[in-house]
1. What strands (runs of 3 or more DSSP E), lying completely within the stretch 159-278, carry at least 1 residues that are touching a Ser or Thr at 6+ places or on another chain (Cβ under 9 Å) and of a type in the set (Lys, Arg)?
2. Any idea which of Leu271, Leu277, Leu195, Leu260 is out of contact with any Lys or Arg (no Cβ under 7 Å at 6 or more places or on another chain) and surrounded by fewer than 22 Cβ atoms within 10 Å (Cβ to Cβ)?
3. Every residue in the stretch 230-275 that is of a type in the set (D, E, K, R) and touching a residue at least 60 places away in the same chain (Cβ under 8 Å), please.
4. Could you count how many residues in the stretch 412-460 are of a type in the set (Val, Ile, Thr), farther than 19 Å from Gln255 by Cα and either outside the structural domain of Arg362 (by TED's automatic domain parsing) or touching a residue at least 12 places away in the same chain (Cβ under 8 Å) (or both)?
5. Could you check the stretch 358-374 and list, in sequence order, the residues that are farther than 17 Å from Tyr395 by Cα and not hydroxyl-bearing (Ser, Thr, Tyr)?
6. Determine if the stretch 126-147 includes at least one residue that is basic (Lys, Arg), surrounded by fewer than 14 Cβ atoms within 10 Å (Cβ to Cβ) and within 16 Å of ligand 1 (Cβ to nearest atom).
7. From the list Phe177, Phe201, Phe238, which one is within 28 Å of Arg446 (Cβ to Cβ), under 23 Å from the mean Cα position of the chain (by Cα) and not assigned by TED's automatic domain parsing to the domain that holds Lys280?
8. Which pairs do you get when a residue that is at negative phi, found in the stretch 107-121, comes within reach of a residue that is within 8 Å of ligand 1 (Cβ to nearest atom) and polar (S, T, N, Q), reach meaning Cβ atoms under 9 angstrom, with the pair 6+ apart or on two chains?
Amino acid sequence: MTTPLLRWKNRYNIPENVYIDLRHALREEISVNSGAMEAFISPEASSNPSEIHARIAYQRPDFIDAARDVENISYQQQPLEPQRNIQRQITVVSQVPHQLNPVSSCFRCRLTKRKCDQRQICALCAKSSIFPNLCIRVQFTENPVFQKWQETKYESMLAWEHLSLWSPPIKAYLRHFEKGPIFGITCSLFQLTSLDPTYLFHKTTKGWASIPTSPYALFDPVQPERLEIYIEQYVDFFLGENGSNEAWLDVILEQAKSYLHEPLIYQTLKLWSAHRLLMKGWGLTEPSLGMPLCHDRNSMLCGTTPAPRVLQNQLDRLLEQFCASQELKCLIQLQRAMFQRKSAQWGVIFIVTILLLHIRERDIWRLLYWVLTNDNKYQWRHPTKATELVSKSVYVSNMLLAYLRLGMKEVPEEFGSVRTLMPPNGPAKDQYNWMHESSVDFSLCRSAFEDNTKPFIPVSAVNFGCS
Ligand SMILES: [Zn+2]
Ligand SMILES: [Zn+2]
């Protein structure tokens, strides 16, 4: 019988003694019967998700998954850190969660350069016939959403820093989309000390499934500058023929093209693109590094050769770090642009706000699996629960929307038709389909197009399944 381990050995001419050593190590050092392991990781074995879950739960207590959508699975039995007290349902935007640092003057007073007072709703806001609830003393640059990826404990899991590399480095070429830009890396085989890094999980219409992956890890660190160039190439790629698969968003992207000379627009497009890459996952062009072409028509990976598990983790971590720092950069620039109050900038401000909201809604969509399912087989890896992350994202997005309402007289004319192109309203939790990103309900984005003379109604996290 030709097993995946044997095929891997033959393909890369692994010396017999190394192959025997590996089998020996698996059997002796971590008590794994390599014959049983072969059966376990064979493609046939992955046809029944519940059986796989049961096997994983039994065999792999310390497993961490690689696929983006299961980034937060953990089997670690350690207690979670205390949850942050993030306000779950927002009725009044002026209520400030305690972890955010309120500033002394509200946004309206700062915008109009008036003196603010310390009442919960300041005198100027209270006098306002519309939006008295928009007395906001928190800056939306506080506590950005993707700061979640800068948790040290979480990051170190993805870094795989203590692997023992043993083969000569080889060059490999990866990409995210067919015909998209390609990213070169050097990688090397590492010694397996657990089964943890040998599986890649992927979404299928029937649930999670796994494929075996070869033990490759980065040999040379990836320079952030190189990754940024790759992301920039994907900005061009997405703005080219590829679009976004959403008619309304394509109008926004088309408008963004005419503002590419504006640093804020370009920086936000980079964030939007990097986050899209994170959602997609890394595929291999050549060599295949012993990874199989996925033929499973029910899988999101169908037709691609996914990169090995550890490489996915290591490279995704870099994308996440990029997103975290880029988001903050964009928010600071956006806030500055809002305070400058130049009417010529409103097109830029509007596009940037929509793109930021879209990125967050796409990210919330990815988290919804964990909010809406009681998946007792897994534990959440991130120190903050999925529901808390969604609630926080909704909260700070409402803040951003409120700033937009206060600062902007009306929706810029060129975006007048966009609202009609948007799909019908959610609620998000009812529209959710874990296989289709198109099931994002866009209630945050839609709110930006609301008539500016109507009262501002914050989007509720309850729509996203948060209680
Ligand atoms: Zn005020
Ligand atoms: Zn106020």
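1. 170-175, 199-204
2. The unique qualifying residue is Leu260.
3. Glu246, Glu262
4. Taking the stretch 412-460 and keeping what is of a type in the set (Val, Ile, Thr), we get 418, 420, 440, 453, 457, 459.
Of the ones still in play, those that are also farther than 19 Å from Gln255 by Cα are 440, 453, 457, 459.
Adding the requirement that they be either outside the structural domain of Arg362 (by TED's automatic domain parsing) or touching a residue at least 12 places away in the same chain (Cβ under 8 Å) (or both) leaves 440, 453, 459.
Qualifying residue count, the stretch 412-460: 3.
5. Taking the stretch 358-374 first, the residues farther than 17 Å from Tyr395 by Cα are 366, 369-370, 372-374.
Once the filter is applied, which keeps residues that are farther than 17 Å from Tyr395 by Cα and not hydroxyl-bearing (Ser, Thr, Tyr), the stretch 358-374 yields Arg366, Trp370, Leu372, Asn374.
6. Applying the first criterion (basic (Lys, Arg)) to the stretch 126-147 yields 127, 137.
Adding the requirement that they be surrounded by fewer than 14 Cβ atoms within 10 Å (Cβ to Cβ) leaves 127.
Next, from what is left, pick out any that are within 16 Å of ligand 1 (Cβ to nearest atom): 127.
Taking every residue of the stretch 126-147 in turn, at least one turns out to be basic (Lys, Arg), surrounded by fewer than 14 Cβ atoms within 10 Å (Cβ to Cβ) and within 16 Å of ligand 1 (Cβ to nearest atom).
7. Phe177
8. That search, which allows pairs on different chains as well, returns Arg114/Ser105; Lys115/Ser105; Cys116/Ser105.
The values are calculated or read from the model by the stated rules, or taken from the named source; none is laboratory data. The structure presented is a predicted model; accordingly, all values stated were derived computationally and were not measured. Every residue, glycine as well, gets a Cβ built from its backbone with ideal geometry; the counts of neighbours run over all protein chains shown.
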